[in-house]
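Here's the structure, in structure tokens; my notes come after.
Every number here is computed from the coordinates shown, using simple stated rules; none is lab data. If you're wondering where the values come from, they're calculated on a predicted model, not measured in any experiment. Heads up, the Cβs are rebuilt from the backbone with ideal geometry, glycines too, and the neighbour counts pull from every protein chain shown.
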Amino acid sequence: GNSVTQMEGPVTLSEEAFLTINCTYTATGYPSLFWYVQYPGEGLQLLLKATKADDKGSNKGFEATYRKETTSFHLEKGSVQVSDSAVYFCALSDDPGGYQKVTFGTGTKLQVIP
Amino acid sequence: DAGVIQSPRHEVTEMGQEVTLRCKPISGHDYLFWYRQTMMRGLELLIYFNNNVPIDDSGMPEDRFSAKMPNASFSTLKIQPSEPRDSAVYFCASTVRGALHFGNGTRLTVT
């Protein structure tokens, strides 16, 4: 079956540091890949997505590239802010529509200190 | 757009009691999902509906759990009887061929 593996947290960074959160996946076919973010006390929100190999998703300074050869979708940001402190979830879906029956990773907590 | 609305935000109940969680999806969304989030198991998909019809309930842990969607604007997740291991945050999400939109969740504590 499908699965998503992401690096264990928590990750603690100083403001303006570079961020990488690793994510690898196992799936049949050509899944769509996502990063969701969860702020304290809230539900998950879509951060970015990529639907085919070599696509780069980007939003709010975050980027992730769909690497089929390494089955990876690592999240990066060049300069983190305190407001980026949250839990980040890597996810995939192999439904033709691209969004149903999403499989989530376990989440990586990011804490950014001033 | 009011977003996905869940109620209650917090629920504390005693073991053996019936618990009902409620969800109002975003108007026009035809898919509705129920997830459970715990530290140990992360996010688990319990069940999802399309046009009010349950499509896949393979994630429902036991017969104690049931979910209904009587119309396009309302869904319930019921646990009867509840047990301490059901303590978790339960999320409802909806979508129409797009990203999942999550509610803020119901934090359930069963003592």
### Message
Only bridges whose two residues both fall in chain A count here: according to DSSP, what percent of them are antiparallel, nearest 5?
### Response
90
### Square roots of 5 times each gyration tensor eigenvalue, C-alpha, segment B:1-40, largest first, Å
24, 13, 10
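Would you mind counting up the charge near A:Met7? Only other residues with Cβ under 13 Å from its Cβ, with Lys and Arg at +1 and Asp and Glu at -1.
Details: positive: A:Lys109; negative: A:Glu8, A:Glu76.
Residues close to A:Met7 contribute a combined charge of -1.
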### Summary
Within the set A:Leu47, A:Leu33, A:Leu92, GNM on chain A using Cα springs under 10 Å gives the largest fluctuation to A:Leu47
### Mean Cα-pair separation over length for segment B:2-69, i.e. relative contact order, pairs under 8 Å, 6 or more apart, %
20
### Query
In whole percent, what relative contact order does chain A give with Cα contacts below 8 Å and a gap of six or more residues?
36
### Query
How compact and how long is chain B, expressed as Rg and Dmax of its alpha-carbon atoms in Å?
13.0, 39
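Among DSSP beta bridges lying fully in the protein assembly as shown, give the percent that are antiparallel, nearest 5. Please report the intermediate quantities before stating the final value.
Working: 70 of 78 bridges.
If we restrict to bridges inside the protein assembly as shown, about 90 percent are antiparallel.
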### Message
Please give me, ordered by residue number, the trypsin sites (Lys or Arg not before Pro) of segment A:1-100 that lie in loop per DSSP and have at most 15 other Cβ atoms within 10 Å.
### Response
A:Lys52, A:Lys60, A:Lys68
### Query
Can you list the GluC sites (Glu not before Pro) in segment A:15-114 that are in a DSSP coil and have 15 or fewer other beta carbons within 10 angstrom?
A:Glu15, A:Glu16, A:Glu42, A:Glu69
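Any chance you could tell me what percent of the C-alpha pair distances in the protein assembly as shown go past 23 Å?
Working: 12159 of 25200 pairs.
Result: 48 percent of Cα pairs exceed 23 Å.
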### Query
Restricting to chain B, what percent of DSSP beta bridges are antiparallel, rounded to 5?
90
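Per-residue mean of other chain beta-carbon atoms within 10 angstrom of the beta-carbon, peptide A:34-44?
Numbers: counts 2, 0, 4, 0, 5, 0, 0, 5, 4, 15, 11.
That works out to 4 on average.
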